[in-house]
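Peer 1: Please see the structure below; I have some questions.
The values are calculated or read from the model by the stated rules, or taken from the named source; none is laboratory data. None of the values given here were measured: they were computed from a predicted structure. So basically every Cβ, Gly included, is an ideal-geometry build from the backbone, and we count neighbours across all protein chains shown. The area values use the complete protein model at the heavy-atom level, side chains included, leaving out ligands, DNA and RNA. Shrake-Rupley method; radii C 1.70, N 1.55, O 1.52, S 1.80 Å.
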Amino acid sequence: MKIIVCIKQVPDTAEVKINPETGTLIREGVPSIINPFDLHALEAGLQIKEKAGGTVTVLTMGPPQAETALREAVAMGADEAVLLSDRAFAGSDTWATSYTLSKAIQKIGADVIICGKQAIDGDTAQVGPETAEFLNIPHISYVRKIEAVAPDAIKVQRMMDEGYDLVESSTPVLFTVVKELNEPRLPSLKGKMTAKKAEIKKWGMSDIQADENNLGLKGSPTQVKNIFTPEARSDRKMLEGTPDEQVEALLQELRGLKCL
Amino acid sequence: MSVIVNPEKCQGCEECLSSCPFEAIVMKEGKAYINEYCESCMACISVCPEGAIIEVESEKTGGTDTGAYKGVWVFAEQRGGKVASVAYELLGIGRTLADDRNTDLSAILFGASDAAAQELIRWGADKVYLGKHEILESFNDEPYAQLLSSLIKEHKPEIVLAGATPIGRSFLPRVAARLRTGLTADCTSLEIDKDTGNLLQVRPAFGGNIMATILCPHTRPQMSTVRPRVMKRGQYNVERSGEIREVKTEGLASRTKVLETVKEVSDIAVNLQEADIIVSGGRGLGDPKGFKLIEELAELFGGAVGSSRAAVDSGWIPYRHQVGQTGKTVCPKIYIACGISGAVQHLVGMQSSDIIIAINKNPEAPIFNVATYGIVGDLHEIVPLLIKRIREMKGGQ
Ligand SMILES: Cc1cc2nc3c(=O)[nH]c(=O)nc-3n(C[C@H](O)[C@H](O)[C@H](O)COP(=O)(O)OP(=O)(O)OC[C@H]3O[C@@H](n4cnc5c(N)ncnc54)[C@H](O)[C@@H]3O)c2cc1C
Ligand SMILES: Nc1ncnc2c1ncn2[C@@H]1O[C@H](COP(=O)(O)O)[C@@H](O)[C@H]1O
């Protein structure tokens, strides 16, 4: 079983703060981490390998420093790591990212491709399904339990709004995973040693035979027009006075709006 | 557009470094340099005191003839034949967009009945494209993507909206990939740009820390997903008439198969999303007993109980009560937040409520930014008083 896990290096959004004057993000001291959902994807890949045999390749597209994320994944147990890095990939939206990843996946070859549900910086949850479409293979989103893995078919639980669907798919298949699926392991000491020495394959545009027009900013149908911070509501009323007065004022307002 | 630094003007002051949300600006030999992380968000341009950062036109390839595309489409998802309420909300905003563009609003319905299609017309659709085929009854990504893509190719709508649900978020990306067009996830506001006629799609990014306006200027259709409960439903009119058009469903195939659909709805989850009034508690409650107060107040209002993630993580209340990015998105008439700081991840789940009442002892708490009524005070004082007074009023009736 050849397994590819797509991981992304992201800023830890829990640590991100806003500069109230400029309305921009303060990135200083914000650590870069492996997208939390992708750790669950990696864990899923490692568990499938342990049961069914095979190899796990971790794949990321990003700047050279994303190598750190790949080494972490190797420390957790991944066998191989590929970094897609090229100036031509700059400014990719989900369309161009998925195109690029699919080109690399074609080169590596895989029976099962696993992505996280979404990346916490963009929160789009689009790269997994779009990649599957580029590869012309089926996909299943929001996998919360893997019920069975055979060489030619897998059976999983797909999380839905009101419960779950039991879904079966032929292979090759791509799926995206939610946190409920598993508990990611920690890197072992041995794993960390291996990771230090591991060879990271570095591929650029020409290594994956990509069409330049589909890459980066040029290949991206969407554009970020601007970014801003949410503003305070203009109709806000602060209710002043003693607690009694505040409560009274609130009841007054609610009565006025016929809410009571 | 792409953003570059003019090295001749750059003085190396490093002002721009922290303005970049994507960590895309680095210093090279004393000058700022924009690397492959750049998303062209333009945040750095205004920060540079030298005006050294500029945007340059990048040549675009593969653009579509945007003028050939007309009409607004709403994908109306169904589960077990029942149309999801998000479809009616999308028809609300869809109607507005269609009117602004002076065009028609159509709904796309797969695997449901004529009666369900009729209902979509009453909620504002001019036309319903109805796909009737066994394979469409339960949700599978491939036939859904296949049919929607071919309908889009045939009829060329300029805007396609779908719910940001496990269904819409899963198969719309396939459609976008196939049609070589943009898809913007989880939009919280959609508006037509008066000058260009483009769709301005606003969505939270970085866990809701910032909002971004996304454009899809060169390709069509412009596609967005919208979370349930973010948009308001339009007008319901039993008299409204429209056209139901059954579409060809030949050749649909799926390599995935739904073997079984299992429902696990808890009454509370449903309750939370349908309640007119929600009383929510956060870490400020201090301990699990605090939720007794919250429940009491909710009961008096005939409402439901919500919570922040901090309260759930502390084990004070089960996860199904959680409101926010990783919990439920709610949009009640009144949302009462008690002892909740108002972290962005919480706000994205409740800020479109009609009236927001915030009770917090810290006047600087961000929850007050979205509040309609703010009370700075100790909830252990305020809430019992509120309960007492409402009881008195009810008793006096
Ligand atoms: C990826 C990600 C996803 C997340 N998803 C969610 C989500 O879905 N929902 C969510 O809620 N959070 C979510 N969070 C967590 C979020 O960032 C906050 O940590 C959380 O919302 C804080 O909860 P809180 O407001 O109850 O607690 P705190 O931030 O600790 O705030 C407690 C508030 O209570 C006030 N207070 C204390 N005592 C009193 C008193 N006696 N009377 C009145 N006020 C008092 C304090 O002034 C303070 O403002 C997420 C975080 C991440 C990183
Ligand atoms: N640049 C990238 N490199 C590798 N995998 C990625 C990249 N971007 C997204 N992914 C994968 O796609 C998933 C969804 O990401 P997103 O669509 O950005 O929310 C992530 O959890 C990753 O598994």
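Peer 1: Rounded to whole Å, give me the distance from the Cα center of the range B:308-330 to that of the range A:121-147.
Peer 2: 26 Å
Peer 1: Another question, then. Positive end of the charge dipole of the protein assembly as shown (Lys, Arg +1 and Asp, Glu -1 on Cβ, about the Cα centre): tell me which of B:Asn271, A:Thr13, B:Trp73 has its Cα farthest that way.
Peer 2: Selected residue: B:Asn271.
Peer 1: Give me the percent relative contact order of chain A, please, defined on Cα pairs under 8 angstrom at least 6 residues apart.
Peer 2: Computed value for chain A: 23 percent relative contact order.
Peer 1: Count neighbours as other Cβ atoms within 10 Å of each site's Cβ, and list the trypsin sites (Lys or Arg not before Pro) in the range A:176-251 that are DSSP loop with at most 16 such neighbours.
Peer 2: A:Arg185, A:Arg233, A:Arg236
Peer 1: R0 = 51 Å: FRET efficiency of A:Glu162 with B:Glu55, Cβ-based, nearest 0.05?
Peer 2: Efficiency for this residue pair is about 0.65.
Peer 1: On to the next question. Please give the Cα centre distance for the range B:108-175 versus the range A:63-82, rounded to the nearest Å.
Peer 2: If you average the Cα positions of each part, the centres end up 40 Å apart.
Peer 1: Using the alpha carbon gyration tensor of the range B:1-46, what are the three equivalent-ellipsoid semi-axes (square root of 5 times each eigenvalue), largest first, in whole Å?
Peer 2: 16, 11, 10
Peer 1: Next question, about the same structure. Which residues in the range A:49-75 place their backbone N less than 20 Å from a point set 7 Å from the Cα of A:Lys190 along the Cα-to-Cβ direction?
Peer 2: Counting backbone N atoms under 20 Å from the label point, the list is A:49-58, A:71-75.
Peer 1: With every protein chain present, what is the per residue accessible area of chain B (1.4 Å probe, Å²)?
Peer 2: 41 Å²
Peer 1: Past the 31 Å Cα-Cα mark, which pairs from B:Lys82/B:Lys292; A:Lys49/B:Lys257; B:Lys292/B:Lys361; A:Lys51/A:Lys117; A:Lys192/B:Lys328?
Peer 2: Too far apart for the 31 Å limit: B:Lys82/B:Lys292; A:Lys192/B:Lys328.
Peer 1: For chain B, what does the alpha-carbon gyration tensor say about shape, rounded, prolate or oblate, given a ≥ b ≥ c as the root eigenvalues, a/c under 1.5 as rounded, and a/b over b/c as prolate?
Peer 2: Oblate.
Peer 1: Looking at the range B:26-123, which GluC sites (Glu not before Pro) are DSSP coil and have at most 16 other C-beta atoms within 10 Å of their C-beta?
Peer 2: In loop regions of the range B:26-123 (DSSP not H, G, I, E or B), the sparsely surrounded GluC sites (Glu not before Pro) are B:Glu29, B:Glu50, B:Glu57, B:Glu59.
Peer 1: Compute the semi-axes of the equivalent ellipsoid of the range A:86-176, taking the square root of 5 times each eigenvalue of the Cα gyration tensor, and list them largest first in whole Å.
Peer 2: They are 24, 17, 8 Å, listed from largest to smallest.
Peer 1: Then there's this: Please compute P(r) over all alpha-carbon pairs of the protein assembly as shown, binned at 10 Å starting from zero, and give each bin as a whole-number percent.
Peer 2: Values per bin, smallest distances first: 3, 15, 24, 26, 20, 9, 2, 0.
Peer 1: Please find the FRET efficiency linking A:Lys202 to B:Asp99, where r is the Cβ-Cβ separation and R0 is fixed at 60 Å, and quote it to the nearest 0.05.
Peer 2: E(calc), rounded to 0.05, equals 0.70.
Peer 1: Still on this model: Would you mind telling me the share, in percent, of accessible area of the protein assembly as shown contributed by carbon and sulfur at probe 1.4 angstrom?
Peer 2: 48 percent
Peer 1: Same structure again: Could you tally the net charge around B:Gly286, taking each other residue with its Cβ under 14 Å from the Cβ of B:Gly286, Lys/Arg +1 and Asp/Glu -1?
Peer 2: Residues near B:Gly286 contribute +1 overall.
Peer 1: Further, regarding this structure: Summing -39500 (n - 2.57) over the DSSP H runs of n ≥ 4 in chain A and dividing by its residue number, what mean residue ellipticity at 222 nm do you reach, to the nearest 500 deg cm²/dmol?
Peer 2: Taking each H run of at least 4 residues, the total per residue is -9000 deg cm²/dmol.
Peer 1: Further question: I'd like the orientation of helix A:243-256 relative to chain A: the angle between its Cα long axis and the longest Cα principal axis, in ° from 0 to 90, rounded to 10.
Peer 2: Roughly 80 degrees, rounded to the nearest 10.
Peer 1: Related question: In peptide B:65-72, what is the residue-averaged number of other protein chain Cβ atoms found within 10 Å of each Cβ?
Peer 2: Mean inter-chain Cβ contacts per residue within 10 Å come to 0.
Peer 1: Given a 1.4 Å probe, how much area per residue of the range A:2-214 is accessible, in Å²?
Peer 2: Per-residue value: 39 Å².
Peer 1: Considering the range B:188-277, what Rg and Dmax in Å follow from its alpha-carbon atoms?
Peer 2: Considering the range B:188-277 through its Cα atoms, Rg and Dmax are 19.4, 50 Å.
Peer 1: How much length is gained on full extension from B:Lys232 to B:Ala68, taking 0.36 nm per residue of separation minus their Cα-Cα distance?
Peer 2: 56.1 nm is the gain from fully extending B:Lys232 to B:Ala68.
Peer 1: Under the 0.36 nm per residue contour assumption, what length would be gained going from the current alpha-carbon distance of A:Gln106 and A:Cys259 to full extension?
Peer 2: Difference between extended and current length: 49.1 nm.
Peer 1: Here is a follow-up. Using only protein heavy atoms and a 1.4 angstrom probe, determine the accessible area buried between B and A, summed over both sides, in Å² to the nearest 100.
Peer 2: 8700 Å²
Peer 1: While we're on this one: Once the Cβ-Cβ distance between B:Glu191 and B:Lys153 is put in as r, and R0 is 41 Å, what FRET efficiency do you end up with, to the nearest 0.05?
Peer 2: After rounding to 0.05, the efficiency reads 0.95.
Peer 1: So how far, in whole Å, is the C-alpha centre of the range B:62-84 from the one of the range A:191-236?
Peer 2: 27 Å
Peer 1: Ok, one more. What relative contact order, as a whole-number percentage, does the range A:140-251 give when Cα pairs under 8 Å and 6 or more residues apart are counted?
Peer 2: After rounding, I find 16 percent.
Peer 1: State, as an integer percentage, the relative contact order of chain B based on alpha-carbon contacts under 8 Å between residues 6 or more apart.
Peer 2: So the answer I get is 12 percent.
Peer 1: Give, in nm to one decimal, the length gained when the segment between B:Glu264 and B:Glu8 is fully stretched (0.36 nm per residue of separation minus the Cα-Cα distance).
Peer 2: Extending this stretch completely gives an extra 85.9 nm.
Peer 1: Calculate I(q)/I(0) for the range A:2-214 by the Debye formula, one identical point scatterer on each C-alpha and no solvent, and give its log10 at q = 0.13, 0.15, 0.18 Å⁻¹ to two decimals.
Peer 2: For the range A:2-214, the Cα-only Debye profile gives -0.71, -0.95, -1.34.
Peer 1: To two decimal places, what compactness ratio does the range B:279-397 give when its Cα radius of gyration is scaled by 2.2 N^0.38 Å?
Peer 2: In units of the 2.2 N^0.38 Å rule of thumb, it is 0.98.
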